[in-house]
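First comes the structure, then the notes that go with it.
The values are calculated or read from the model by the stated rules, or taken from the named source; none is laboratory data. Everything quoted here is computed from the prediction, not taken from an experiment. Backbone-built Cβ (ideal geometry, glycine too); neighbour counts: all protein chains shown. Ligands, DNA and RNA are excluded from the accessible area calculation, which covers all protein heavy atoms including side chains. Shrake-Rupley method; radii C 1.70, N 1.55, O 1.52, S 1.80 Å.
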Amino acid sequence: TTRAAAKAAMAPAGPRRAWALKAGSVKSLRLKELPPANRPGYGEVLVDVKCIGLNFADVFSVLGLYSATPKGEFVPGLEFSGVVREVGASGVAAESVEFASEEARRRAERESADLRPGDKVSGVVRFGAYCTSVLAPAHQLRKIPTGWTLAQGAAFNVQALTVWYGLQALGNVKPGQVVLVHSCAGGCGLLALQILQKIGAKAIGTVGSSSKVSVVVERFPGYMSDARVVVRAKKPKDYAAQLRGALKAMGE
């Protein structure tokens with residue numbers, strides 16, 4: 001029951017376990033025991049991690065190829081899902097989370113009111129997700145939709161936010177515009193098509209093999225067709241001809 005889940009979530013937190021390393025080689029990744037997490041302050045939420053996401057950015061950070069990688073030993077991980085253990089109370093100073101700005105702090109404080117112990121959430125952090133518990137700003141957490149698994153919640157945010165940022169914040173895509181989506185059968189590609197369809201924009205997608213065309217067409221009936229999914233040719237001249245053909249098929 002919800003009451004039982006909340007009671008279990010409020011049980012005293014013990015030592016944490018986390019994967020940690022100094023950037024440079026994945027071989028140095030070690031499972032370590034860490035002290036219990038601090039109690040959350042106002043705007044902070046303590047989450048028991050159940051699933052984590054693994055992305056290119058995680059690999060780059062472990063190898064030391066990501067400019068934002070912390071110096072010295074650190075715990076990787078940018079996205080996760082889990083169960084809320086504790087929500088910081090009003091009046092308790094938030095000392096564990098480094099907020100990006102004062103506005104971010106105020107937003108976290110406001111949004112913490114919507115979370116309760118026992119809630120299933122997904123979230124993003126600036127490293128540290130590969131741990132049994134995470135202290136996160138409340139505004140970087142979202143309740144997992146009904147019907148989603150914890151694994152789905154952990155695998156959604158980084159790809160979805162990457163695509164949204166590219167299409168909306170940078171691209172400012174409008175209804176009726178045509179957008180070329182590379183690797184459209186992949187995680188970011190499928191989310192890009194879904195967002196473009198919702199916006200009302202048109203899409204041409206590229207894939208690396210013919211076996212992926214049906215994946216895209218069947219996922220987006222009435223939106224994507226064989227003519228709008230291009231199996232990319234190796235020669236630039238041939239690839240350009242493919243795109244012209246796709247545009248023509250769209251009436252562009």
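Of all residue pairs spaced 6 or more apart or on separate chains, those with beta-carbon atoms under 9 Å, a first member in the range 136-148 that is free of Cβ contacts under 8 Å to residues at least 12 places away in the same chain and of a type outside the set (S, T, N, Q) and a second member that is open to solvent by less than 60 Å² (accessible area, probe 1.4 Å) and in a helix (DSSP H, G or I) are 145/153. Residues in the range 29-44 that are open to solvent by 60 Å² or more (accessible area, probe 1.4 Å) and assigned to a loop (DSSP other than H, G, I, E, B): 35, 36, 38, 39, 42. Among the residues of the range 152-175 satisfying the criterion of being of a type in the set (Gly, Ala, Ser) and open to solvent by less than 60 Å² (accessible area, probe 1.4 Å), which is farthest from residue 52 (Cα to Cα)? In this case the residue turns out to be 171. Which of the residues spanning the range 45-69 are within 30 Å of residue 115 (Cα to Cα) and open to solvent by less than 10 Å² (accessible area, probe 1.4 Å)? Correct list: 45, 46, 47, 53, 58. Checking each residue in the range 212-252 for being open to solvent by 50 Å² or more (accessible area, probe 1.4 Å), among the basic types (Lys, Arg), in a helix (DSSP H, G or I) and within 14 Å of residue 181 (Cβ to Cβ) picks out 212, 219. Of the set (1) modelled with pLDDT under 95; (2) under 27 Å from residue 14 (Cα atoms), all apply to residue 101 but (2). Between 72, 77, 118, the distinction of being under 19 Å from the mean Cα position of the chain (by Cα), open to solvent by less than 40 Å² (accessible area, probe 1.4 Å) and either within 26 Å of residue 30 (Cβ to Cβ) or touching a residue at least 40 places away in the same chain (Cβ under 8 Å) (or both) belongs to 77 only. Residue check, residue 174 against (1) within 24 Å of residue 108 (Cβ to Cβ); (2) touching a residue at least 24 places away in the same chain (Cβ under 8 Å); (3) charged (D, E, K, R), all met but one. Which one? Among (1) within 24 Å of residue 108 (Cβ to Cβ); (2) touching a residue at least 24 places away in the same chain (Cβ under 8 Å); (3) charged (D, E, K, R), residue 174 violates only (1). Close contacts from the range 98-114, counting a first residue that is within 16 Å of residue 46 (Cα to Cα) and among the polar types (S, T, N, Q) and a second that is open to solvent by less than 90 Å² (accessible area, probe 1.4 Å) and part of a helix (DSSP H, G or I), with Cβ to Cβ under 6 Å and a gap of 6+ residues or different chains, come to 112/138.
Residues of the range 184-197 that are open to solvent by 10 Å² or more (accessible area, probe 1.4 Å), modelled with pLDDT of 95 or more and part of a loop (DSSP other than H, G, I, E, B): 185 alone. Of the residues in the range 75-94, not one is farther than 23 Å from residue 108 by Cα, hydroxyl-bearing (Ser, Thr, Tyr) and touching a Phe, Trp or Tyr at 6+ places or on another chain (Cβ under 7 Å). For the range 1-26, give me each residue that is at pLDDT 50 or above and over 20 Å from residue 131 (Cβ atoms). Hits for the range 1-26 are 24, 25.
Say we look at the range 51-90 and pick out the residues that are touching a Ser or Thr at 6+ places or on another chain (Cβ under 6 Å) and assigned to a strand (DSSP E or B); which of these is nearest to residue 135 (Cα to Cα)?
87
For the range 198-211, does any single residue satisfy the condition of being charged (D, E, K, R), touching a strand residue (DSSP E or B) at 6+ places or on another chain (Cβ under 6 Å) and either in contact (Cβ under 8 Å) with a residue 40 or more places away in the chain or open to solvent by less than 30 Å² (accessible area, probe 1.4 Å) (or both)? There is at least one residue in the range 198-211 that is charged (D, E, K, R), touching a strand residue (DSSP E or B) at 6+ places or on another chain (Cβ under 6 Å) and either in contact (Cβ under 8 Å) with a residue 40 or more places away in the chain or open to solvent by less than 30 Å² (accessible area, probe 1.4 Å) (or both). Screening the candidates 129, 113, 93, 136 for the property of being surrounded by fewer than 18 Cβ atoms within 10 Å (Cβ to Cβ), hydrophobic (A, V, I, L, M, F, W, C) and not in a helix (DSSP H, G or I) yields one hit, 93.
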